[in-house]
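*Asks:* Provided herewith is a single structure, encoded as structure tokens, for subsequent inquiry.
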Amino acid sequence: MPIVLEHVTLRYPGTDPTAHPAVDDLSLVVDDGEYLGVIGHTGSGKSTLVLLMAGLLAATSGRVTVNGADLAERSARRALRRQVGIVFQYPEHQLFADTVAEDVGFGPRALGLTAREAERAVDDALERVDMELCTYGHRSPFELSGGQMRRVAIAGVMATRPDILILDEPMAGLDPAGRAEIAALLRRLHDRGLTVVMVSHDMDDIASLADRVLVLRDGGCFAHGTPAEVFARQTELREIGLGVPHAARFAARLSACGIDVGGTMSTPEALADALASLRTDLGPGREA
Amino acid sequence: MALGQYHKADSPLHRMDPRFKILVAVVYMLVIFLARELVGLSLALVFLAGAVAASGIPLGLLARSLRPVIAFVVFTFIVNLVFITSGDTLFALGRLAITSGGLSAAAFMTTRLFTLFVSTALLGFTTSPVDLADGIEGPLTPFERFGVPAHEISMMMSIALRFIPILVAEKDRIVRAQTARGADFESGNPLTRMHAIIPVLTPLFLSAFRHAEDLATAMESRCYHGKEGRTRVKTLQPALRDWAAVAALAILTSALVVLRTVP
């Protein structure tokens, strides 16, 4: 069980003690190989949760364990940096080196790998994000496209070979092609067994990528379950200012018109399948 | 050191027209050097004490702000004490002699420094960065005919001040991101630590340029084209207290001039 949160509360020092804490009595388990999507509007505690899971912040109370190590200890938080990769918002803004290879190699070198091991880690990480070392390695990261820069930045995080990857709004600010690149990359990484936690505002991205969805509200858990379960609670989600995926909205419209598609469809594919089977159920006779 | 330590309060000094406040402070700092003897210096100190009283700044806060310069003041005192030899010898240790002239020069010099530091600190404590930038533009405007870009200087100042917190937040974000990638900023010898700064500095510079470009575009798209034809939201209007401060400074200055000419 890689990430376990037990009654975790985090209150930033110096904030109003009467207001709700940034993370408020949150309990959560993220299983090995799970893809957890985290949603919630601004100030709901998403970014704080990310920092807690990555060991960059210590909980005020409660317990965070990652791969069995209690993060209350400083040494455990430091050791965690090899196991957990974290991709912050606009990760391409952290690029700094002259060449792609050098930038991606920053993490492995900082962790004290030998030059040879580091090079292999770089090669491996770039291959994983589909930016081959021999083509892009010697180029300046600043002359790449937005989506490519972001993939290089993600490779820089993957280079330390984490088995958990945490991403904060990985698709923000990219054009549709860039978004598709990143989405495909994340799906591929997850298929290879990586545990992924992704914060996003885009319900369609969450629905198409995540296995489970956590909805945060005022630092606490508002809903937690599969995308279909969570997005079935459309009215409640709308009440707290969140949307639902387009497919779920469309399915709800259809059922309001008396066409029952059978449950909540959170992805266009699932909805298309449901509609297709509906059409077969009706039988060919209707068309005549 | 006076910048960015604004202490929000409502006092006569806070309410002063920033143009007058800056002018009075600058002239006062020049006038201090007219004081050559005890009476003159005491007058200057009385003026300063009045300003401190009118500022509503807690004395403890003021004293704390002077802490970084204590070493400098002490050093000045010692240098003056040891190297100026005139008048009677008060104390001698080998070739090192402390004279009455040295002692008084040291005392004068440190007092002057002290008044300089306190007056800048007061200015910083009682003037918000925005007011400071506004107040600088006014007194500089007459020099425009000699090619001093008064408006540009004040605009640059206020933008620079406004960007400090943004860049600090940006730095924190980058440090966090690089830390998560395994960077270590806390251990190692000074050289390795200096090296560890590069992955932070490069992105920080890039982000500063990005912010600057965005801001320039935003300003231009809102038709900013320099000073010409611009009006102010807050029109500065000198009040009685501003003229009172000027009058007090004028009295101090004439007293010091008279004290110097009368033997």
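The values are calculated or read from the model by the stated rules, or taken from the named source; none is laboratory data. Values in this document were obtained by computation on a predicted structure and should not be read as measured data. Cβ coordinates were reconstructed from backbone atoms using ideal geometry, including for glycine residues, and neighbour counts include every protein chain displayed. The protein model used for the area step is the full one, side chains on, heavy atoms only, and it has no ligands, DNA or RNA in it. Shrake-Rupley method; radii C 1.70, N 1.55, O 1.52, S 1.80 Å.
*Asks:* Can you name the residue in region A:249-258 that is open to solvent by 70 Å² or more (accessible area, probe 1.4 Å) and over 24 Å from the mean Cα position of the chain (by Cα) and, of all such residues, is farthest from A:LEU5 (Cα to Cα)?
*Replies:* Pass one, region A:249-258, residues open to solvent by 70 Å² or more (accessible area, probe 1.4 Å): A:249-250, A:253, A:256-257.
Subsequent filtering for residues that are over 24 Å from the mean Cα position of the chain (by Cα) retains A:250, A:253, A:256-257.
Values: A:PHE250: 35, A:ARG253: 37, A:ALA256: 39, A:CYS257: 42 Å.
Once the filter is applied, the top-ranked residue is A:CYS257.
*Asks:* In addition: Residues of region A:219-248 being surrounded by fewer than 15 Cβ atoms within 10 Å (Cβ to Cβ) and in a helix (DSSP H, G or I), which ones?
*Replies:* Selection gives A:THR235, A:GLU236, A:ARG238, A:GLU239.
*Asks:* Name every residue in region A:33-68 that is open to solvent by 40 Å² or more (accessible area, probe 1.4 Å), more than 14 Å from chain B (Cβ to nearest Cβ) and of a type in the set (S, T, N, Q), in order of residue number.
*Replies:* Those that are open to solvent by 40 Å² or more (accessible area, probe 1.4 Å), more than 14 Å from chain B (Cβ to nearest Cβ) and of a type in the set (S, T, N, Q): A:THR42, A:THR60, A:SER61, A:ASN67.
*Asks:* Collect the residues in region A:167-200 that are assigned to a helix (DSSP H, G or I) and either more than 18 Å from A:ILE86 (Cβ to Cβ) or open to solvent by 10 Å² or more (accessible area, probe 1.4 Å) (or both), keeping them in residue-number order. Step through it out loud before you land on a result.
*Replies:* So in region A:167-200, the residues assigned to a helix (DSSP H, G or I) come out as A:176-191.
If the condition is that a residue be assigned to a helix (DSSP H, G or I) and either more than 18 Å from A:ILE86 (Cβ to Cβ) or open to solvent by 10 Å² or more (accessible area, probe 1.4 Å) (or both), then A:PRO176, A:ALA177, A:GLY178, A:ARG179, A:ALA180, A:GLU181, A:ALA183, A:ALA184, A:ARG187, A:ARG188, A:HIS190, A:ASP191 are the ones that fit.
*Asks:* Still on this model: Give region B:133-152 a look and list any residue that's over 17 Å from B:TYR28 (Cα atoms) and among the aliphatic types (A, V, I, L, M), or say none.
*Replies:* In the first step, residues of region B:133-152 are kept if they are over 17 Å from B:TYR28 (Cα atoms); the result is B:133-134, B:137-138, B:140-152.
Hits for region B:133-152 are B:ALA133, B:LEU140, B:VAL148, B:ALA150.
*Asks:* Here is a further query. Where in region B:33-111 are there helices (runs of 4 or more DSSP H), lying wholly inside it, with at least 2 residues that are over 30 Å from B:THR261 (Cα atoms) and open to solvent by 40 Å² or more (accessible area, probe 1.4 Å)?
*Replies:* Values: elements: B:38-55, B:59-66, B:70-83.
In region B:33-111, B:59-66, B:70-83 are the helices (runs of 4 or more DSSP H) which contain 2 or more residues that are over 30 Å from B:THR261 (Cα atoms) and open to solvent by 40 Å² or more (accessible area, probe 1.4 Å).
*Asks:* If you don't mind, another one. Can you tell me which residue within region A:69-84, out of those that are in a loop (DSSP other than H, G, I, E, B) and in contact (Cβ under 8 Å) with a residue 24 or more places away in the chain, is farthest from the other protein chains (Cβ to nearest Cβ)? Give the steps one after another, and end with the answer.
*Replies:* Going residue by residue through region A:69-84, those that are in a loop (DSSP other than H, G, I, E, B) are A:71-73, A:81-83.
Pick out the ones that are also in contact (Cβ under 8 Å) with a residue 24 or more places away in the chain and you get A:81-83.
Details: A:ARG81: 5, A:ARG82: 7, A:GLN83: 11 Å.
Among residues in region A:69-84 that are in a loop (DSSP other than H, G, I, E, B) and in contact (Cβ under 8 Å) with a residue 24 or more places away in the chain, the one farthest from the other protein chains (Cβ to nearest Cβ) is A:GLN83.
*Asks:* Could you list, in sequence order, the residues of region B:164-182 that are open to solvent by less than 70 Å² (accessible area, probe 1.4 Å) and within 12 Å of chain A (Cβ to nearest Cβ)?
*Replies:* Across region B:164-182, the qualifying residues are B:GLU170, B:ILE174, B:VAL175, B:ALA177, B:GLN178, B:THR179, B:ALA180, B:ARG181, B:GLY182.
*Asks:* Only one of B:PHE209, B:PHE185, B:PHE205 is within 14 Å of chain A (Cβ to nearest Cβ) and more than 30 Å from A:ARG81 (Cα to Cα); which?
*Replies:* Residue meeting the stated conditions: B:PHE209.
*Asks:* Just wondering, is there one or more residues in region A:85-95 that are touching a Ser or Thr at 6+ places or on another chain (Cβ under 7 Å), open to solvent by 10 Å² or more (accessible area, probe 1.4 Å) and not hydroxyl-bearing (Ser, Thr, Tyr)?
*Replies:* Filtering region A:85-95 for residues touching a Ser or Thr at 6+ places or on another chain (Cβ under 7 Å) gives A:85, A:93.
Now drop any that are not open to solvent by 10 Å² or more (accessible area, probe 1.4 Å), which leaves A:93.
Next, from what is left, pick out any that are not hydroxyl-bearing (Ser, Thr, Tyr): A:93.
Yes - at least one qualifying residue is present in region A:85-95.
*Asks:* Could you please let me know if A:SER266 is under 30 Å from A:ARG151 (Cβ atoms), buried (at least 18 other Cβ atoms within 10 Å of the Cβ) and at pLDDT below 85? Spell out the reasoning first.
*Replies:* Numbers: under 30 Å from A:ARG151 (Cβ atoms): yes; buried (at least 18 other Cβ atoms within 10 Å of the Cβ): yes; at pLDDT below 85: yes.
For A:SER266, the condition - under 30 Å from A:ARG151 (Cβ atoms), buried (at least 18 other Cβ atoms within 10 Å of the Cβ) and at pLDDT below 85 - is met.
*Asks:* Condition first: under 14 Å from A:GLN94 (Cα atoms), of a type in the set (A, V, I, L, M, F, W, C) and buried (at least 21 other Cβ atoms within 10 Å of the Cβ). Now tell me which residues in region A:131-166 satisfy that.
*Replies:* Hits for region A:131-166 are A:MET149, A:VAL152, A:ALA153, A:ILE154, A:ALA155, A:VAL157.
*Asks:* For region A:98-109, name all the residues that are outside any loop (DSSP other than H, G, I, E, B) and more than 7 Å from chain B (Cβ to nearest Cβ). Outline the logic, then answer.
*Replies:* Initially, region A:98-109 is screened for residues outside any loop (DSSP other than H, G, I, E, B), giving A:100-104, A:106-109.
Residues satisfying the conditions are A:VAL100, A:ALA101, A:GLU102, A:ASP103, A:VAL104, A:PRO108, A:ARG109.
*Asks:* Take B:ARG232 and tell me if it is outside the structural domain of B:LEU167 (by TED's automatic domain parsing) and either exposed (fewer than 14 other Cβ atoms within 10 Å of the Cβ) or under 30 Å from B:ALA51 (Cα atoms) (or both). Don't jump to the end; show me each part of the working.
*Replies:* Working: outside the structural domain of B:LEU167 (by TED's automatic domain parsing): yes; either exposed (fewer than 14 other Cβ atoms within 10 Å of the Cβ) or under 30 Å from B:ALA51 (Cα atoms) (or both): yes.
When the stated conditions are applied, B:ARG232 passes them.
*Asks:* So which of B:THR217, B:THR192 ends up being surrounded by fewer than 18 Cβ atoms within 10 Å (Cβ to Cβ), at pLDDT 90 or above and not assigned by TED's automatic domain parsing to the domain that holds B:VAL24?
*Replies:* Values: B:THR192 fails: at pLDDT 90 or above.
Sole residue among the options that is surrounded by fewer than 18 Cβ atoms within 10 Å (Cβ to Cβ), at pLDDT 90 or above and not assigned by TED's automatic domain parsing to the domain that holds B:VAL24: B:THR217.
*Asks:* Can you tell me which residue in region B:141-152 is nearest to B:VAL24 (Cα to Cα), limited to those that are open to solvent by 50 Å² or more (accessible area, probe 1.4 Å) and not aromatic (Phe, Trp, Tyr)?
*Replies:* Going through region B:141-152, the residues open to solvent by 50 Å² or more (accessible area, probe 1.4 Å) turn out to be B:142-147, B:149, B:152.
Now narrow it down to the ones that are not aromatic (Phe, Trp, Tyr): B:142, B:144-145, B:147, B:149, B:152.
Values: B:PRO142: 17, B:GLU144: 21, B:ARG145: 23, B:GLY147: 24, B:PRO149: 22, B:GLU152: 23 Å.
Only one residue fits best here, namely B:PRO142.
*Asks:* If a residue must be facing another protein chain (nearest Cβ under 8 Å) and within 18 Å of the chain's Cα centre (by Cα), how many such residues does region A:85-97 contain?
*Replies:* Residues in region A:85-97 being facing another protein chain (nearest Cβ under 8 Å) and within 18 Å of the chain's Cα centre (by Cα): 4 in total.
*Asks:* May I ask you to list the residues in region B:235-259 that are surrounded by 12 or more Cβ atoms within 10 Å (Cβ to Cβ) and more than 28 Å from the chain's Cα centre (by Cα)?
*Replies:* B:LEU259
*Asks:* Can you give me the number of residues within region B:119-140 that are crowded, with 21+ Cβ neighbours inside 10 Å and aliphatic (A, V, I, L, M)?
*Replies:* So the count comes out to 5.
*Asks:* Could you list all residues from region B:188-202 that are farther than 26 Å from A:ILE154 by Cβ and either assigned to a loop (DSSP other than H, G, I, E, B) or facing chain A (nearest Cβ under 8 Å) (or both)?
*Replies:* B:GLY188, B:ASN189
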